[in-house]
Amino acid sequence: MIRLGVNVDHVATVRQARRAKEPDPVAAAVLATLGGADGITIHLREDRRHIQDRDVYVMRETVTTRLNLEMATYEEILLIALKVKPDEATLVPEKRQELTTEGGLDVVANESAVRPAIDRLKAAGIHVSLFIDPTDTQVAASAKFGADAIEFQTASYSEAIGAVAVERELEKLRTATAQAVALELHVHMGHGLNYWNVQPIVRIPGVEELNIGHSIVSRAVLVGMERAVREMKQAMTEHYPNPKRG
Ligand code: PXP
């Protein structure tokens, strides 16, 4: 059975839009777990645009499955990871201007930052995954640098238009997965996966885990909207108990 890691970053995006206390990604992580999530994934970005340090510490205490911390190789973030000790750290590229993680981490070009980060995280007992594009050079370097796992960036697949382009991207993912499995790397995938494009990915032999965020958080907002409005209408007409004030 392939594991589903639920990325709750965008619950924090909504919270940070108001610098408020709600919605709390910690609560979302608990509910995702009740829904069957096999793990919780969060990205502590250098600019703290969504997940905050407090979320990482509280989730370390409260996530009962596996906590996967996505992170760039900034020293400040590495020190937090070494202190928090998530079950897994996924090294990702990070640019301030990007809307989301664009492209995989070029582990070959960034060897001088990636290799020591892998060594330090592994020495602390943290499983290390590298978020890379599905190419033979990136897979070979990931194995050589001692990563435990790789996560293939699936954006090119999820953004491909037309059956031919989709099949071409799937073939790249299949080939790279076979290569990674042969090198004894665990294979994860993520980025842009949704309710309509997930099945062909699940069928690739060797895939062990998917990390999905935006599509799940988007659906959660919509499936919850009707009830939220109904409850507000109720609160306008009836006493709505406040746990702090009664
Ligand atoms: N995996 C990694 C490494 C990511 O950076 C992200 C985005 O934060 C995801 C998975 C989830 O992507 P999405 O939000 O598009 O499902």
Being among the aliphatic types (A, V, I, L, M), in a helix (DSSP H, G or I) and either in contact (Cβ under 8 Å) with a residue 12 or more places away in the chain or away from the ligand (no atom under 14 Å from the Cβ) (or both) is the requirement here; does V58 meet it? yes
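Would it be correct to say that V56 is in contact with a strand residue (DSSP E or B) (Cβ under 7 Å, 6 or more places away or on another chain) and β-branched (V, I, T)?
yes
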Test each condition in (1) open to solvent by 50 Å² or more (accessible area, probe 1.4 Å); (2) within 14 Å of D9 (Cα to Cα); (3) within 14 Å of the ligand (Cβ to nearest atom) for H43 and report the one that comes out false. (1)
Is it true that P243 is more than 14 Å from the ligand (Cβ to nearest atom) and either in contact with an Asp or Glu (Cβ under 6 Å, 6 or more places away or on another chain) or part of a loop (DSSP other than H, G, I, E, B) (or both)? yes
Which one of M1, M71 is over 18 Å from the mean Cα position of the chain (by Cα) and closer than 19 Å to E151 by Cβ? M1
Working only within the range 120-137, note down all residues that are among the β-branched types (V, I, T) and within 15 Å of the ligand (Cβ to nearest atom). V128, I132
Every residue from the range 179-218 that is within 12 Å of the ligand (Cβ to nearest atom), under 16 Å from the mean Cα position of the chain (by Cα) and farther than 22 Å from E102 by Cβ: none
A117 is checked against (1) within 14 Å of the ligand (Cβ to nearest atom); (2) of a type outside the set (F, W, Y); (3) buried (at least 21 other Cβ atoms within 10 Å of the Cβ); (4) over 15 Å from the mean Cα position of the chain (by Cα) and fails just one. What number does that condition carry? (1)
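Results for (1) in a loop (DSSP other than H, G, I, E, B); (2) at pLDDT 95 or above; (3) touching a Phe, Trp or Tyr at 6+ places or on another chain (Cβ under 9 Å); (4) open to solvent by 30 Å² or more (accessible area, probe 1.4 Å), shown as yes or no for each residue.
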{"residue": "V30", "(1), (2), (3), (4)": "no, yes, no, yes"}
{"residue": "H50", "(1), (2), (3), (4)": "yes, yes, no, no"}
{"residue": "L67", "(1), (2), (3), (4)": "no, yes, no, no"}
{"residue": "T73", "(1), (2), (3), (4)": "yes, yes, no, yes"}
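Which residue, of A235, A220, is assigned to a helix (DSSP H, G or I) and crowded, with 19+ Cβ neighbours inside 10 Å?
A220
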Quick one: in the range 156-178, of everything that is open to solvent by 30 Å² or more (accessible area, probe 1.4 Å) and of a type in the set (D, E), which residue is nearest to the ligand (Cβ to nearest atom)? E159
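The values are calculated or read from the model by the stated rules, or taken from the named source; none is laboratory data. Predicted model, so just to flag it, every value in this text is computed and none were measured. Every residue, glycine among them, receives a Cβ derived from its backbone with ideal geometry; neighbour counts consider all protein chains shown. Ligands, DNA and RNA are stripped out before the accessible areas are found, and what is left, the full protein with its side chains, is counted by its heavy atoms. Shrake-Rupley method; radii C 1.70, N 1.55, O 1.52, S 1.80 Å.
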